[in-house]
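The values are calculated or read from the model by the stated rules, or taken from the named source; none is laboratory data. Everything numeric in this text was worked out from a predicted model, so none of it was measured. Glycine also receives a Cβ, built like all others from the backbone with ideal geometry; neighbour counts cover every protein chain displayed.
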Amino acid sequence: MRVMAFDYGTKRIGIAVTDPLQIIATALTTVHPEEIWLFLADYLQREEVETFVVGKPLQMDGSDSESGQHVLGFVRKLKKLYPHVPVAEIDERFTSKMASAVIAQSGKKKSKRQEKGLVDTVSATIILQSYMQKKGF
């Protein structure tokens with residue numbers, strides 16, 4: 001069973017998943033928030049997901065950020081629609097900066113590096129890797 005991670009944004013949601021053995025975290029796609037529920041319904045018909053991991057945006061002092069309200073609503077709806085799938089929240093501070101650095105180091109052309117969707121999926125992958133490390137995978 002897979003673990004699925006989300007980097008939630010009001011314009012795009014970056015999504016990453018593990019392989020079924022939960023060894024490797026891979027960027028999956030970016031979805032518009034209005035399309036996420038249709039995407040999940042379709043994906044979950046084909047694949048089993050054991051846990052959802054959602055990046056929680058925090059301020060530098062550890063308090064909730066302004067965008068945290070959007071993430072909270074997303075988490076509530078996830079739990080309501082998929083009560084059998086546990087939701088873990090993980091600190092996502094610095095993931096976008098880390099994602100941009102990883103993309104820059106990958107040697108991609110500048111135009112490709114500036115694609116926001118790429119940053120979002122890489123951020124989701126970093127969130128998923130952080131979760132996996134904490135769980136001892």
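What to note about this one:
- On the stretch given as the stretch 42-89, residues that are of a type in the set (Ser, Thr, Tyr), surrounded by 12 or more Cβ atoms within 10 Å (Cβ to Cβ) and modelled with pLDDT under 85 total 2.
- Residues of the stretch 19-42 that turn out to be aromatic (Phe, Trp, Tyr) and free of Cβ contacts under 8 Å to residues at least 40 places away in the same chain, as a count: 1
- Residues being among the hydrophobic types (A, V, I, L, M, F, W, C), over 22 Å from Phe52 (Cβ atoms) and either buried (at least 19 other Cβ atoms within 10 Å of the Cβ) or modelled with pLDDT of 60 or more (or both) - total across the stretch 90-117: 3
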